[in-house]
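Student: I am attaching a structure below and will ask some questions about it afterwards.
The values are calculated or read from the model by the stated rules, or taken from the named source; none is laboratory data. Predicted model only: the values in this text are computed from it and were never measured. Glycine gets a Cβ as well: all are built from the backbone with ideal geometry, and neighbour counts include every protein chain shown. These accessible areas exclude ligands, DNA and RNA; they are computed on the full protein's heavy atoms, side chains included. Shrake-Rupley method; radii C 1.70, N 1.55, O 1.52, S 1.80 Å.
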Amino acid sequence: MVKDSGTPSRPSRLRALNEPRPIQVLTEHDLPVAILRSDGRDAVENVQDTWIVQDEWWRQEIDRQYYSLLLRNGTIRTIYHDRITDRWYEQAY
Amino acid sequence: MFPDAESESREHVMAIACLRIPHPELRIALLDQPELDGMPLILSNPESGRAVVLDTTDEASAKGVRAGMTLREATALCPDAVIVMPNPAMVSRISRQILDRLEAISPLVEPDENEAACWYIDLTGLGRHFPTTTAAAEQMIACVQPILRPRAGVATTKFTARVAAGIARPGAVRSVPKGQEKEFLANAPVSWLPFPPEMTHQLRRLGLSTLGALTALPASKLAARFGPDGRLAWELASGVDPRPVTPIERDETIVEELAMPTPAVSREMLMVGLRQMVHRAFSRKELKGRQVRQVTLRAILENRRSWERPMVLKEPCGPAALINALELRLHAMELPGPVEAVALQLNGIVHEVAHQGMLPTLRPRHAPPLTNAVEQLKQRYGLSPLFRIVEVEPWSRIPERRHALLVYEP
């Protein structure tokens, strides 16, 4: 039998899946050229696709420019530029 | 090995040729309009919203026109300039043709990753076919229509060959004998190094404007300032280039083309054509039981213009999924003009991908142990750490809204 931790139980709730993760991006002419890591950077080989998601202007406006990037190490990552806060995030689309 | 009977010696046994076409988009446009050859040409796309100069021929550059200027500034400087619209479909078709011809001469051909219409060709082993490396390079120049003004450089390394091709006259070959690379490169500007403009800008700010100035410094100093790129820059400037000619992997490609009966102005009409092309492509035996990952849509527009849009699919698609994906993307696009013909290029051909269905649901006899485990975990952590994924707004354009984790309560 596991010992009771004494932590009060919490009501079940929905937790968003695939929430955006903040990242740091190096840009050139407004296009991402590298994703910065604490121990280096992943250079972008090619921007394979880009699209814009604008929504919900009537409440908290969403304005994102997504990029599907092929990195020099061969991986494909999807990132977006939040055009309202001018911040970069990673998020699978 | 090349024989040493001719003017060139056996020092050229390891030779790399660089073939390039400066201002490729403008030169390729001349294939359709040769009467414009010799006139100042400006590449620009006024319909894109930002009418700026994308490239110029030497005749326009001589009058002060530079890439990045607005079209208004450029035409003020050079009133007789002819504006040429980009034609990416034709550029990629001609580039492919040239690559095919070069590969018929040597199997080791590498397109430059940073510069369009620039190829490196490894001449090693071609001695039986060509008496000299210059003769081999001349044969490569002959692969290109003269109006495109190709030029070539031959040296022992890729970078030196690229610089030699950069200073060669149109239609001519510039050879750099082995051992003279450093001397040859000394006066070349640092901007010719294959590095981002920030690095060459920093080099110039440090007073290093030529490759000779770079090699006058110890390699360690450049490595300390710029990291591995600094050392590579020093090596390249010294005539040492460790990068081999790496031929591109030519993946399987399927192209379907369709001429529209009348120029298509509506997406619906274009979509009818695309549906037909997708079905035709998938009825080919090369695509039997296979799917595609990448599509390039090319449209030939009125007035010798073209438009090209590569699309990477989120997952390999068969005909039905591909039609859906094309439909979705086409609706989000602005057609640049009436479409006379359309081509669909399919790449990334893979075997059909099997999709795993939902995991089998837990059978009732498993429920009691799981219920007990969840109860114990809840007592230990105050909350069940088991979750299940539920659909919330699967149609949402905002990814984090589509699914959610719900605490698993058996």
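Student: Put a dot 7 Å past each Cα toward the Cβ at B:Ala172 and B:Lys63; how far apart are the dots in nm?
Tutor: 2.7 nm
Student: Just grab the label-to-label distance for B:Glu302 and B:Asp251, each label 7 Å out from Cα along the Cβ direction, in nm (one decimal).
Tutor: Spacing of the two 7 Å Cα→Cβ label points: 3.7 nm.
Student: With +1 on each Lys and Arg Cβ and -1 on each Asp and Glu Cβ, how big is the dipole of chain B about its Cα centre, in debye rounded to the nearest 20?
Tutor: The calculation lands at about 1140 debye.
Student: What is the extension gain from B:Ala142 to B:His351, computed as 0.36 nm multiplied by their sequence separation minus the C-alpha to C-alpha distance, in nm to one decimal?
Tutor: Extra length from B:Ala142 to B:His351 when fully extended: 71.3 nm.
Student: Over the Cα atoms of region A:16-90, Rg to Rh with Kirkwood Rh, two decimal places?
Tutor: 0.99
Student: Could you work out how far helix B:319-331 tilts from the main Cα principal axis of chain B, as a 0 to 90 degree angle to the nearest 10?
Tutor: 70 degrees
Student: Chains A and B: how much accessible area gets covered up at their contact, both sides added, probe 1.4 Å, in Å² to the nearest hundred?
Tutor: Adding both sides of the contact gives about 2600 Å².
Student: Also: On average, how many beta carbons from a partner chain sit within 10 Å of the beta carbon of a residue in B:378-388?
Tutor: What the average comes to for B:378-388 is 4.
Student: Provide Rg and Dmax in Å for region B:179-261, with only Cα atoms included in the calculation.
Tutor: Answer for region B:179-261, Rg first and Dmax second: 18.9, 66 Å.
Student: I need two numbers for chain B: Rg to one decimal and Dmax as a whole number, Cα atoms only, in Å.
Tutor: Looking at chain B, its Cα Rg and Dmax stand at 28.4, 90 Å.
Student: While we're here: For every helix of n ≥ 4 consecutive DSSP H residues, a contribution of -39,500 (n - 2.57) applies; sum these over chain B, divide by its total residues, and give [θ] at 222 nm rounded to the nearest 500 deg cm²/dmol.
Tutor: About -9500 deg cm²/dmol.
Student: Once the piece of chain linking B:Lys288 and B:Arg101 is laid out straight, how much longer is it, given 0.36 nm per residue of separation minus the C-alpha distance between them?
Tutor: That works out to 64.3 nm of additional length.
Student: May I pose another question? Between B:Asp32 and A:Trp58, take the C-beta separation as r, use R0 = 56 Å, and let me know the FRET efficiency to the nearest 0.05.
Tutor: With a Förster radius of 56 Å, E is 0.65.
Student: Where nothing but the Cβ of Lys and Arg (+1) and of Asp and Glu (-1) is charged, how large is the charge dipole of the protein assembly as shown around its Cα centre, in debye to the nearest 20?
Tutor: Dipole size: approximately 1480 debye.
Student: Give me the accessible area per residue for region B:159-289, probe 1.4 Å, as a whole number in Å².
Tutor: Heavy-atom SASA per residue in region B:159-289 reads 55 Å².
Student: Can you return the aspartates and glutamates within cross-link range of B:Lys285? Criterion is Cα-Cα under 16 Å, with same-chain partners fewer than 8 residues away left out.
Tutor: B:Glu252, B:Glu256, B:Glu352
Student: R0 = 35 Å: FRET efficiency of B:Ile389 with B:Glu198, Cβ-based, nearest 0.05?
Tutor: Details: r = 44 Å, r/R0 = 1.26.
Efficiency, from the Cβ-Cβ distance: 0.20.
Student: I would also like to ask the following. Ratio of the protein assembly as shown's C-alpha Rg to 2.2 N^0.38 Å, to two decimals?
Tutor: That ratio works out to 1.22.
Student: Okay, next question. Of A:Gly40, A:Tyr89, A:Gln60, which is farthest along the charge dipole of region A:16-90 in the positive direction, counting Lys and Arg as +1 and Asp and Glu as -1 at C-beta?
Tutor: Going by the Cα projections, it comes out as A:Gly40.
Student: Over chain B, what is the mean sequence separation of C-alpha contacts under 8 Å (at least six apart), divided by residue count, expressed as relative contact order in percent?
Tutor: Taking the mean separation of contacting Cα pairs over the length of chain B, I get 13 percent.
Student: Picking from B:Tyr120, B:Thr210, B:Ala223, whose Cα lies most toward the positive end of the charge dipole for the protein assembly as shown (charges on Cβ: Lys, Arg +1; Asp, Glu -1)?
Tutor: Going by the Cα projections, it comes out as B:Ala223.
Student: Going toward the positive end of the dipole of the protein assembly as shown, with +1 on Lys and Arg Cβ and -1 on Asp and Glu Cβ, which of B:Val82, B:Met140, B:Gly318 do you reach last?
Tutor: It is B:Gly318.
Student: What FRET efficiency would be calculated for the residue pair B:Arg205, A:Arg72, taking the C-beta separation as r and a Förster radius of 35 Å, to the nearest 0.05?
Tutor: 0.85
Student: Comparing B:Arg225, B:Arg305, B:Arg293, which has the greatest mean-square fluctuation in the GNM of chain B with Cα pairs linked when under 10 Å apart?
Tutor: B:Arg225
Student: Now for a separate question. I'd like to check one number: the per residue accessible area of region A:44-93, probe 1.4 Å, reported in Å² as a whole number.
Tutor: That works out to 58 Å² for each residue.
Student: In degrees, nearest 10, range 0 to 90: what is the angle between the Cα axis of helix B:267-282 and the longest Cα principal axis of chain B?
Tutor: In chain B, helix B:267-282 runs at an angle near 90 degrees to the longest axis.
Student: Report, to the nearest 10°, how far helix B:158-167 tilts away from the longest principal axis of the Cα atoms in chain B, using its own Cα long axis and a range of 0 to 90°.
Tutor: 60 degrees
Student: At what distance in nm do the modelled label points of A:Glu45 and B:Asp80 sit from each other, each positioned 7 Å from its Cα along Cα→Cβ?
Tutor: That separation, rounded to one decimal, is 4.7 nm.
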